[in-house]
Amino acid sequence: MKKVLVLLFCLFSFQIHAQFKADWASLDQRQTPAWFEDAKFGIFVHWGIYSVPAWATNSNADGFGSGYAEWYWQRLHAPNLKIHPEFVAFHEKNYGKISYQDFARDFKAELFRPDDWADIFEKAGAKYVVLTSKHHEGFTMWPSQESWNWNAVDVGPHRDLAGDLMKSVKAKNLRMGYYYSLYEWFNPVYKNDVHKYVNERMIPQMKDLVTKYQPDVLWTDGEWDHPAKTWKSEEFLAWLFNDSPVKNSIVVNDRWGNDTKGAHGSFSTSEYGHGGNDNKKLTNGFQKPWEECRGIGESFGYNRNENLANYQTGEQLVHELINIVARGGNFLLNIGPTADGRIPVIMQQRLQEIGTWLKVNGDAIYRTRKWDAAPLYDKDSKVFFTQKDKKLFAINSKWQKTFTVDNIEKPSAVKLVGFKGDVRFSYKNRTLTIIAPQVDPETIPCQFAWTYELTDALK
């Protein structure tokens, strides 16, 4: 017995202290820290200078970010302006000849109260938060010395926005992470000498961000111009996993080069359902942990041009969360704060609705895993499954008077989560038939979806 314990201890120690080489064959051996798959629900925050004009068209049909307000600067100078002349027309009509850089003076964040944000995130039921530390415009939300006079401390808010939010989020015992764009649209060093840019700006910035704030997530983007070798992604990740202060806890996504998506990183990413791995996702999941991200509306950054029809309802968002978790994924739902630092009320309402549902049904979401014996989900699916220990959770996205669950053991108990009464059921030939209890507005446990907990239904 002692020998077995010693062996297990050695294996555990090897995992913690393993030295990873700067190549994918070695880096891919690192296990994704369990907290990430346990968390299931996170909040994405796109906030920056683009929050000042806060405008985009209401369609992302072309796939080039036309509906993304955070792409405002790029759209003003895009080579395909014949498709999007409305960006230039809007800018000239409302702002005249001022440059995008001039918006920095109006990005003041004067109403930003990070404790209030963290409270909203906690009540929404989120377990982690990912803030844009630098988008493709190059403006950093922390005092980066590589981004002199183009960061939130030198200009605009004159405040360490990344650090302030980190403190408030971690005070709520939530995980904190940062989005970071590898490339920059109009940085002349990047355009003229990508290797100099990587060595003297990108790598130092990422190391500074990690060392200074010790994030739990590093969510990179803007990788598509070059392969991972050009970005020196393997070298950076070897440092991150071997020598950084968060080497044992941090997770990273799969956007480290135009040759890495879906192949490397702690988890794979999908965006608005078209992130590049959808075919695998629609067959009930990736081979590794994965995460779907989207905005409450069509844009990540706040878009004043959106109206109610562009926003998902609370019911739609809860159903999307259920759908994603049932297929083994995490849901990273984005909010776009205003330039003065407010979370728009409609976004607060949507987060509150999700949190109200999770307060009742969270046991069927957090720390669960997908049920491998579940039926193949499609757009018509009404029942979704998750599992934890010997419990199977059957989540009904539509109220059903009766429904069946096939290929399970006879449960020792069946209950409707949040309902105090009994639930009738029958069991025959490994098929469970559940009869919904009689409920009324006083006794129905929640809105949008209803969870049945089946105890001892799994071997």
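Derivation of every value follows stated rules applied to the coordinates shown; laboratory data play no part. All values derive from a computational prediction rather than experimental measurement. Cβ sites come from the backbone with ideal geometry, for glycine too, and all protein chains shown count toward neighbours.
Neighbour counting of Cβ atoms within 10 Å sorts the residues LYS359, LYS428, LYS391, fewest neighbours leading, into LYS428, LYS359, LYS391. Eigenvalues of the alpha-carbon gyration tensor of region 189-257, scaled by 5 and square-rooted, set the equivalent ellipsoid semi-axes at 21, 13, 10 angstrom, largest first.
Of the chymotrypsin sites (Phe, Trp or Tyr not before Pro) found in region 399-458, those that fall in a DSSP loop while having at most 16 other beta-carbon atoms within 10 Å are TRP399.
Between ASN58 and GLU235, the contour length at 0.36 nm per residue exceeds the Cα-Cα span by 59.7 nm. Taken along the Cα-to-beta-carbon direction at a fixed 7 Å, the label points for TRP224 and ALA413 span 5.1 nm.
Label sites at ARG424 and ASP380, each approximated as a point 7 angstrom past Cα along Cα to Cβ, lie 2.8 nm apart. Between the amide H of VAL251 and those of VAL217, LEU218, distances stay under 5 Å, these residues lying 5 or more places away or on another chain, with hydrogens modeled in the peptide plane. Among LEU317, LEU458, the order by Cβ neighbours within 10 angstrom, fewest to most, reads LEU458, LEU317.
Suppose R0 equals 41 Å; then what is the FRET efficiency for ILE444 and HIS158 from their Cβ-Cβ distance, rounded to the nearest 0.05? In this case the efficiency is close to 0.25. Summarising the strand pairing of the chain, around 45 percent of its internal DSSP beta bridges are antiparallel. At an R0 of 51 angstrom, the distance between the Cβ atoms of PHE403 and LYS172 translates into a FRET efficiency of 0.85. The angle separating the long axis of helix 161-171 from the principal Cα axis of greatest extent in the chain is about 20 degrees. Exactly which GluC sites (Glu not before Pro) in region 92-155 are in a DSSP loop and have at most 16 other Cβ atoms within 10 Å? Sites meeting the loop and neighbour criteria: GLU110.
Think of the chain as a dipole: +1 on every Lys or Arg Cβ, -1 on every Asp or Glu Cβ, centred on the Cα centre; then among HIS46, ASN248, SER270, ASN248 lies furthest on the positive end.
Sequentially through region 393-404, phi angles give Karplus couplings (6.51, -1.76, 1.60; θ = phi - 60°) of 10, 10, 9, 8, 7, 10, 5, 10, 5, 9, 7, 10 Hz, Gly and Pro residues having no value and appearing as x. As a calculated quantity, the FRET efficiency between ASN307 and LYS459 at R0 = 60 Å, using C-beta atoms, amounts to about 0.75. Every Cα-Cα pair in the chain was counted, and those over 32 Å apart are 42% of them.
The base-10 log of I(q)/I(0) for region 371-455, evaluated at q = 0.26 Å⁻¹, reads -1.57 [Debye formula, identical scatterers on Cα atoms, solvent excluded]. Take every Cα pair under 8 Å whose residues are at least 6 apart in sequence, average their separation, divide by the length of the chain, and the relative contact order is 17 percent.
Estimated at 0.36 nm per residue, the fully extended path between ASP38 and VAL189 surpasses their Cα-Cα distance by 50.3 nm.
Listed by Cβ neighbour count within 10 Å, with the fewest neighbours leading, SER397, SER381, SER426 appear as SER426, SER381, SER397. Could you tell me which residue out of SER168, GLY297, THR368 lies farthest along the dipole of the chain toward its positive end? Charges go on the beta carbon: Lys and Arg +1, Asp and Glu -1, centred on the Cα centre. Of the listed residues, the answer is THR368. Remark: region 19-364 carries a charge dipole of roughly 220 debye about the Cα centre, counting +1 on each Lys and Arg Cβ and -1 on each Asp and Glu Cβ. Computed 3J(HN,Hα) for region 42-58, one whole-Hz value per residue from the Karplus formula 6.51 cos²θ - 1.76 cosθ + 1.60 where θ = phi - 60°, is x, 10, 8, 10, 9, 8, x, 4, 4, 6, 6, x, 6, 8, 7, 5, 9, glycine and proline marked x. Segment LYS108..ALA373, full-extension length gain: 90.2 nm, with 0.36 nm per residue of separation and the alpha-carbon distance subtracted.
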